[in-house]
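The values are calculated or read from the model by the stated rules, or taken from the named source; none is laboratory data. The shown structure was predicted, so the numbers you read here are calculated from the model rather than taken from an experiment. Counting neighbours? That spans all protein chains shown, and the Cβs are built from the backbone with ideal geometry, glycine included. Please note that ligands, DNA and RNA were not included when accessible areas were found on the heavy atoms of the full protein model with its side chains. Shrake-Rupley method; radii C 1.70, N 1.55, O 1.52, S 1.80 Å.
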Amino acid sequence: MSLAHGRPYLAIPGPSVMPEEVLRAMHRSAPNIYEGDLVALTDSLIPDLRRVARTEHAATFYIGNGHAAWEAALANVVAPGDRVLVPATGRFGHGWGDMAAGLGCDVQVIDFGKRSPFDLNRIEDALRADTGHRIKAVLASHVDTSSSVLNDIAGLRAALDAAGHPALLMADCIASLGCDRFEMDAWGVDVMVAASQKGIMVPPGLGFVFFGPRAADARARMERVSRYWDWVPRANPEYFFQYSGGTAPTHHLYGLRAALDMIHAEGIEAIWARHDTLARAIWAACDAWGQGGPMELNIADVAHRSRAVTSLRIGAPHGTSLRKWTEHQAGVTLGIGLGMAEPGDPEWHGFFRIGHMGHVNAHMVMGALGAIQAGFVALDIPHGAGALDAAAAMMARG
Ligand SMILES: *Cc1c(COP(=O)(O)O)cnc(C)c1O
């Protein structure tokens, strides 16, 4: 017998749960892309995107996923032969660096492994060692979704300043935007990339690139930028099609309008607080389970844990068997462990992740935790007692 028939819950770190409001806004016939309400609606998105990113500067979008946003951002500020510095704290840090390598950059990686945040002193040392200022940009994951580490982006700005280094600070907020506090302007971030399908609650298909004046200057100094990735016409469109470099992502724009309305109605500070409490509830449950079994939070230091996703280590084969049980018996799909072991290695089955980004509330989190608890019991996986009580206590505290 399966108890999965009912509303399924995709608790993976993106794509995230889509609100009914977003789905309803997208459920319509094709709009006119030359005049009419879509044009005004798209104009209205830009200031609201800026508010989410906490920037006064340029906001652009591309039809594409997070990888497209990575490439779009790089294509505007680095040329073949330019050096970029990549402090990597998981699979996604390496991924952005690899994107830069594909564009012909000389990629200098500082690998902090899979369980630790940036060591800002080591980054500062690397910047100081670059006396000729060959490094044009530092590519930093705010949250690396594979390890679920949260990095200190304001601290990275301070490290750049302390080293007196002019490199652009580029932040990947694809997982964190709308989940973990992020202050683009106050933290001195020059370029920020995001995507629609995580904290922004819209299906995959939109990549966002935000950029400030120092990045605009770097773009102006580029010998050439591919027409499609060039952010200049997208940031200052004379014609509507220039926002998207062609046909607009029509339905995504309606969905995004609805999502931004929800975000601003709740308030970004309230959204960060909600993600914080829900994340603490999940961590409290995981700590309790870990007291009597193999489960362990991948990131030990609470201050460096993402509030959008939690990576867990539980030992093979429990990660995979638990995921299969919760999906097929309880209707809750958990995330695979990404980048922790090579697929094909038996160890690969010893990890999983809980996505808790975007349109997620207390009963969804309690439901997911309850399904995991039931899975432990059904599969005879050793675990400590009191996990659900610990999560409930955290939620009651607020
Ligand atoms: C999801 C994610 C990406 C990749 O986004 P895609 O839409 O899958 O291309 C990159 N970086 C981070 C931090 C992410 O969470």
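Please find the FRET efficiency linking D185 to D389, where r is the Cβ-Cβ separation and R0 is fixed at 41 Å, and quote it to the nearest 0.05.
In this case the efficiency is close to 0.45.
Under a point spin-label approximation (7 Å from Cα along Cα-to-Cβ), what is the L23-A154 distance to one decimal in nm?
Going by the 7 Å Cα→Cβ label model, 3.8 nm.
Which percentage, to the nearest 5, of the DSSP beta bridges contained in the chain is antiparallel?
55
Pop the C-beta distance of A378 and A270 into the FRET formula with R0 = 45 Å and round what comes out to the nearest 0.05. Mind showing how you got there, number by number?
Working: r = 37 Å, r/R0 = 0.81.
According to the calculation, E is roughly 0.75.
How do the peptides 250-259, 30-39, 16-25 rank, highest first, by the average count of neighbouring beta carbon atoms within 10 Å per residue?
Sorting 250-259, 30-39, 16-25 by mean packing, highest first, produces 250-259, 16-25, 30-39.
Could you work out the per residue convex hull volume over the alpha carbons of region 120-219, in cubic angstrom?
Per-residue hull volume (Cα only) is 105 Å³.
Can you give me the accessible area per residue for region 356-397, using a 1.4 Å probe, in Å²?
Per-residue value: 44 Å².
For region 31-265, what is the accessible area per residue in Å² when the probe is 1.4 Å?
Computed with neighbouring chains in place, this is 37 Å² per residue.
When the C-alpha atoms of the chain are aligned to their principal axes, what extent does each axis show, in angstrom, from largest down?
62, 56, 41
State the percentage of accessible surface on the chain attributable to carbon and sulfur atoms; use a 1.4 Å probe and exclude ligands, DNA and RNA.
Accessible surface attributable to carbon and sulfur in the chain totals 54 percent.
By how many nm would the segment from T131 to Y228 grow when fully extended, if each residue of separation counts as 0.36 nm and the alpha-carbon distance is taken off?
Length gained between T131 and Y228: 31.5 nm.
Per-residue ellipticity at 222 nm for the chain, helices alone: DSSP H runs ≥ 4 residues times -39500 (n - 2.57), over residue total, nearest 500 deg cm²/dmol?
My calculation for the chain gives -13000 deg cm²/dmol from helical runs alone.
Kirkwood hydrodynamic radius of region 271-398 from all distinct Cα pairs, in Å?
After inverting the mean inverse Cα-Cα distance, the result is 14.5 Å.
At 7 Å along the Cα-to-beta-carbon direction for both D217 and D119, put a label point, then send me their distance in nm to one decimal.
Taking the two extended label points, one gets 3.3 nm.
Please compute the Kirkwood hydrodynamic radius of region 31-265 from all pairs of different C-alpha atoms, in Å with one decimal.
For region 31-265, the Kirkwood estimate is 17.8 Å.
Express in nm, to one decimal, how much length is gained between I63 and F241 on full extension, taking 0.36 nm for each residue of separation and deducting their alpha carbon distance. Working shown, then result.
Working: separation 178, 0.36 × 178 = 64.08 nm, distance 1.21 nm.
That works out to 62.9 nm of additional length.
Assigning unit charges at the beta carbon (Lys, Arg +1; Asp, Glu -1) and nothing else, what dipole magnitude in debye, to the nearest 20, does the chain show about its Cα centre?
300
Quick one: if the Förster radius is 41 Å, what FRET efficiency do M1 and D287 give, using the C-beta to C-beta distance and rounding to 0.05?
For M1 and D287, the calculated efficiency is 0.80.
Please work out how much length the chain gains when fully extended from D261 to A300, using 0.36 nm per residue of separation minus the C-alpha to C-alpha distance, in nm with one decimal.
10.5 nm
Quick one: putting +1 on the C-beta of Lys and Arg, -1 on the C-beta of Asp and Glu, what dipole do you get for region 31-265 around its Cα centre, in Debye to the nearest 20?
240
How would you order 88-97, 49-58 from highest to lowest mean count of nearby Cβ atoms within 10 Å?
So the order, starting with the most tightly packed, is 88-97, 49-58.
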